[in-house]
Structures are given as C-alpha cells and as structure tokens.
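Below: the structure, in structure tokens.
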Amino acid sequence: MNQTFDLPDLKRRMQGALATLKHELGGLRTGRASASLLEPIHVDAYGQSMPLNQVATISVPEPRLISVQVWDKGLAAAVDKAIRNSNLGLTPAVEGQILRIRMPELNEQRRKELVKVAHKYAEDARVAVRHVRRDGLDALKKLLKDHAIPEDDEKRRESEVQKATDEAVHEIDSTLAAKEIEIMQV
C-alpha cells in the first residue's frame, strides 16, 4: 500500500474508466455505420492473426455502408470470413478487393439487447470507479493510522474522494443515457 494520497491520480484513474466505457460504447452498433465497429476483428493472414486495419482500409462512404478495401487481393476471402464470423451480424458483399457492408435496420428486440450490453459496460465502469475510490480511502486510513495526517484532514480528503466518485458516476450515467437514446432511435 502506498504511503501517499494523490487525488489528481485518483481522478485520472476514474477518467480512465470513463474513457474505456466511451470506447466500448463506440463499438456498439446502432443503425449507423462506423469504422470503429470493425476494430476488434482479427483476420488470419500470413500465418498469424492480424487486426483488420493492418490488412485493409476501412471507410464509411455513406451513413449505412462500410467499405473495406483489402490491400492484398489474396486476403479478401479471409477478411470476408473474419467479418462473417465476428458475431456482429454483418454480411459483406465481396467485389474483388473491396468488401461492402450494408448496415441492416435494427429491430426492436436487437435494440433492447444492445441497451442491455450498454448497461453492462456502464456497470463495469461504475465498479472500476468504486475500486479507485476504495484505493483512495484505504490510503487515507493508512495515513491516519500511521499518524501522517490529522483526523480532520482525513475526513476532508475523504469527502473530496467521494465528490470525485460522484462526479465520475454521474458522467458514466449521462454517457449511458445518451447512448441508450442513440440505440433506441429508429
């Protein structure tokens, strides 16, 4: 356990949890096409598993279309297979080295499933923030026990940690609410 208490570091770690949440929510498919949707996909190429963006250029020429330009013509089939097997429910149309992926309309049930996934991501972020809060409070208790800070200092800093936690959780909740509206929009 560290002997110091660093509120800016705790806030930075809480913001890290929020940044992770925003990245995860960015990967959730709404009705709109997004290049980040294909980021997690890996392709079996040249005897190893490589990220899709290392074998192709991904672009979004229209709001409901993703275009994947494969650099090596021999990898087009492998890229097609990787996208189909990605559990994203996408079906590319292969035209030589270019794969076109039309984004299907989301039905009500699929939208509700995506909202549940978004809630899970948000809960994971809240748990991460609470872990950071616990680390901060533990550090304060240790400093108090070791007589490194007076009790009123410990109480004041405890409330600062709680305030930072509340702000981070509020930001997580508002990010989730915005994503929920985006997902449910028809």
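The values are calculated or read from the model by the stated rules, or taken from the named source; none is laboratory data. In this text the structure is predicted, and so the values were computed from the model without any measurement. Please note: Cβ atoms are built from the backbone with ideal geometry, for glycine as well, and neighbour counts cover all protein chains shown.
General observations
- Members of the range 147-166 that are closer than 28 Å to residue 19 by Cβ, loosely packed, with under 14 Cβ neighbours inside 10 Å and of a type in the set (Asp, Glu): 166
- Scanning the range 56-87 for residues that are part of a loop (DSSP other than H, G, I, E, B) and either touching a residue at least 12 places away in the same chain (Cβ under 8 Å) or within 14 Å of residue 45 (Cβ to Cβ) (or both) yields 63, 64, 71, 72, 86.
- Filter pass, residue 144 being crowded, with 17+ Cβ neighbours inside 10 Å and in contact (Cβ under 8 Å) with a residue 60 or more places away in the chain: no
- Residue in the range 88-104 that is modelled with pLDDT under 95 and assigned to a helix (DSSP H, G or I) present: no
- Scanning the range 6-46 for residues being in a loop (DSSP other than H, G, I, E, B) and touching a Pro at 6+ places or on another chain (Cβ under 8 Å) gives a total of 5.
- Of all residues in the range 35-81, those satisfying the criterion of being farther than 17 Å from residue 102 by Cβ and acidic (Asp, Glu) are 39, 44, 72.
- For residue 91: the one exception among (1) exposed (fewer than 14 other Cβ atoms within 10 Å of the Cβ); (2) outside the structural domain of residue 61 (by TED's automatic domain parsing); (3) closer than 25 Å to residue 183 by Cβ; (4) not small (Gly, Ala, Ser): (2)
- Check on residue 131, assigned to a loop (DSSP other than H, G, I, E, B) and over 22 Å from residue 116 (Cβ atoms): no
- In the range 28-49, of all residues being among the hydrophobic types (A, V, I, L, M, F, W, C) and within 20 Å of the chain's Cα centre (by Cα), the one that is modelled with the highest pLDDT corresponds to 41.
- Applying the set (1) over 20 Å from residue 25 (Cβ atoms); (2) crowded, with 17+ Cβ neighbours inside 10 Å; (3) in contact (Cβ under 8 Å) with a residue 24 or more places away in the chain to residue 138 leaves exactly one unmet item: (2).
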